[in-house]
Amino acid sequence: MGGRFLKRFFHRRDLWIALLAFAGTVAYVVGAANLGEAGFPLDDAWIHQTYARNLAQTGQWAFVPGQPSAGSTSPLYTLLLSIGYLLNVPYLAWTTFLGGAALAAGGVIAARLVERLAPEIRGVGLWAGLATVGAWHLVWAAASGMETMLFAALTLALGALAWRETTPPSAGDRIRPDVVVRRGIVLGLVGAAATLTRPEGAGLVGLIGLAMWLANPFRSRRALLIWSAGVAVGWIVGIAPYALLNYHMSGGFLPNTAAAKQAENTPLLEVAYPARVINLLVPLIAGGQLALVPGVIAAGVWAVWRWRQDRAAALLLVPPIWAIVLIGLYAARLPAPYQHGRYVIPALPPLILFGVIGTALIWQWGKRSVGRRIASRTLAITGVALFVCLLYTSPSPRDS
């Protein structure tokens, strides 16, 4: 019975993706240690560790014991880190495990998303998963001690929950209210988890809600209202404890360090907005994903075509639109391109999975003539080579 359950929800492909994710993360950390650079590259990672240690040892949400404060920008990640301190696991080992697990989850979810969008393309899920866990930005993020990869995995999970609504839980227009509200609550809770990892997660929940109202895959306004109510309840229930704690300590619902980060980077806002966008994009394309750009365009055109055939397919565009929105928001409020563009690194997974789909479509399109076949094969092989080579020569976790 247990074996059938595992086979139903887990594929052998998922195991290979997870193993590669953990291997890459551990290799990064071990390689840095051998170079005498063990630890984390960013101050924020140590802030997370300090809050986690104090929470485990004193039960207080405080950077300085005895002085509760609302300085943690990622309470969910801090809470997960505190488990390691409670279990007396060395902090570097526990943090590396969390990073590897987040990267593995992101790769597995990416594979599932791609298979849902393009089930007719054989093996595309495996390639999407491998590309996700093989992108050096994401491996760096997993090994950096930051919340970046956890947030990326949670946004992919939200994309998966949105995409599953393209196939409602039962046929016909009459959908069982209990099933619909339960699905909404689950998405709301995952959305709350993403928001507690990074505040901008709330924006993705809102984007999914807007896409649902445009698509209305239930074909029923009543079912859509019930689903929306479920999302709202799940999100509010999930976010309320920390929001109230923040309000009690600082008088605001957001961490008090959010405004400080924006103030610190105010000079960057003097640059013209288009230049800010370009500055954020440049570090993101420094990898194998550069070869996927034609695929992203091809998959985007294909998804829009599907949307025109069936309005429910609008949900399929949520991940790439979210990537664009995320980059646009940071360009407007916090256009910081340093540290490999770490603020916008979560935009990479949805772009990678669309790039893989589009590259597979180009591969199929290339079968029609010798010239197209050579061009499409060259594009695909170049992408694989870039991912492998740039992962091997990528910066150490200490580089920023």
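How do 356-364, 151-159 rank on mean C-beta neighbours within 10 Å, highest first?
Packing order, densest peptide first, comes out as 151-159, 356-364.
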key: the range 123-231 - charge dipole about Cα centre, Lys and Arg +1 at Cβ, Asp and Glu -1, debye rounded to 20   = 460 debye
inquiry  = Through the Karplus equation 6.51 cos²θ - 1.76 cosθ + 1.60, θ set to phi - 60°, convert the phi angles of the range 333-341 into ³J(HN,Hα) values in whole Hz; use x for Gly and Pro.
reply    = 10, 9, x, 9, x, 6, 6, 6, x
message = Starting from a Cα-only point model with no solvent, please compute log10 I(q)/I(0) by Debye for the range 74-144 at q = 0.11, 0.19, 0.21 1/Å.
response = -0.35, -0.77, -0.85
ask   = Quick one: net charge of LEU326's neighbours, Cβ under 12 Å, K/R +1, D/E -1?
value = +1
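Filter the trypsin sites (Lys or Arg not before Pro) in the range 177-235 down to the DSSP loop ones having no more than 15 other Cβ atoms within 10 Å, then list what survives.
Values: sites: ARG182, ARG183, ARG219, ARG221, ARG222; in loops: ARG219.
Answer in residue order: ARG219.
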Other-chain or far-sequence residues with amide H under 5 Å of PHE63's (modelled H) = SER69
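Within the range 38-137, report the chymotrypsin sites (Phe, Trp or Tyr not before Pro) that DSSP leaves as loop and that have at most 14 other Cβ atoms within 10 Å. Can you show the working numbers first?
Values: sites: TRP46, TYR51, TRP61, PHE63, TYR77, TYR85, TYR91, TRP94, PHE97, TRP127, TRP136; in loops: TRP61.
Nothing satisfies the criteria.
Values in this text are rule-based calculations from the coordinates and carry no lab data. Nothing here was measured: the structure is a model prediction, and the numbers come from that model. Counting neighbours? That spans all protein chains shown, and the Cβs are built from the backbone with ideal geometry, glycine included.
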